Structures are given as C-alpha cells and as structure tokens.
Amino acid sequence: MSEAGNGSAPAPQAAVAGAAAAVPAAASGWRWLPLAAAIIAADQLIKAWMVQHFAPLERVEVLRVLDIILTYNTGAAFSFLSEASGWQRWLFVLLALGVSTVLIVWMRRLHAAVHGLLACGLALIVGGALGNMIDRLTLGRVVDFIHVHWRQAYFPAFNLADSAITVGAVVLLIDAWRETRAARRVRA
C-alpha cells in the first residue's frame, strides 16, 4: 500500500527521472542550438577577418570609449593564467567541452515552450565557450578584438564569444529571477 493509503504503488524514482528526459528533441531546448551554432560561426568569421586585416595591437577607434584592436589571450577571463607554461590551454579546452556537454544535455531535457529563456541563455553560453575553444585548439590562444575604456581606465579586450557567454549568464539570472517571482506568486 502506498503512503497515500489509496492502494496504488508510488511511481519509481527512475520513471520520474526518465519522464524529464522524454521531451521530443524538436520540442526540447535543442531548438536553441542553431543560436549556439550562429554564435560560433559569427565569432570565428570575425576573428578570421581580424587576424587577416589587423596587425597585433593595431587599434582603430570606433567611439571615444570603444576601440577595435587585435590581441591574443592564452589565459581565461581577464588573462587569468596567461603567464602559465601552456598547460592552461588544455585545461580550458577540457572545461569548455565539459561545460558545453553538460549544458547541451540540460537543454535536451528542457521543454522549449516552457523554458525558452533558460534554453536561450544556455545556448549563448555553449556558443561562446565552443567559439573560444576552437581558437585554443587551432591557434593555441584566443583572439580578442573589442576594447572598451573610459579615460585612462581600460577593460581587458574581449570578443563575440565572451560577449555571448556574458549575455547568456545575464539571461540565466533573469530566468532565475522570473522563476522566483512566479514561485512567490503561487505561494501567496
């Protein structure tokens, strides 16, 4: 007899977990994978154009606070580990592959109609992570070209892939905020 006392057996945990993964691919968060592919393609095209048309550290002022400049980064965000002996390249490749795999599996389990914003944010992060991973595999370093500054304060150069990761993280925060608000309304 079940805990409810109605004589029916409770659903096994495995069946409940399997139900979450039973979303048809066309209705899952995978609907957003073309966005990840578009980020990768645009990122790689822009980086190839920059490498072809700019010399390292060549700078073009676009706005008083924005320059386009060709730089390379062997580290991660804010040049973290850029001075390491080379092992960091493979660490960041493995991290990008691991995180992207987990996020793609997560996207597959989402219902796109219900969790579209979440799936969009995850796709942006996947596209950015894989865009930078391609640089690490092909060049051994990441191509950066967007340089924002204010007077004498300079933000580290970044690229389209980095922007996609940042926007994706903001979208995840917005989605979490919306979910929290919806849960509060249900409780009230």
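Residues Glu179, Glu61 ordered from highest to lowest accessible area at a 1.4 Å probe: Glu61, Glu179.
Between Tyr72 and Asp144, the built amide H atoms are under 5 Å apart, and every one of these is 5 or more places off in sequence or on another chain. Translational diffusion of the stretch 90-188 was estimated from the Stokes-Einstein equation, with Rh taken as the Kirkwood radius over Cα pairs; at 25 °C and 0.890 mPa s the coefficient is 162 µm²/s. Here the stretch 81-188 has 68 percent of its accessible surface on carbon and sulfur atoms, given a 1.4 Å probe and all protein chains in place. Just to confirm my numbers, what's the Cα centroid distance between the stretch 162-184 and the stretch 26-48 in Å? Spelled out, the Cα-based centre of one part sits 19 Å from the other.
Accessible surface calculations at 1.4 Å, restricted to protein heavy atoms, place the stretch 138-188 at 68 Å² per residue.
The values are calculated or read from the model by the stated rules, or taken from the named source; none is laboratory data. Quantities reported herein were computed from a predicted structural model and do not represent experimental measurements. Protein only, heavy atoms only, side chains kept; ligands, DNA and RNA dropped before computing areas. Shrake-Rupley method; radii C 1.70, N 1.55, O 1.52, S 1.80 Å.
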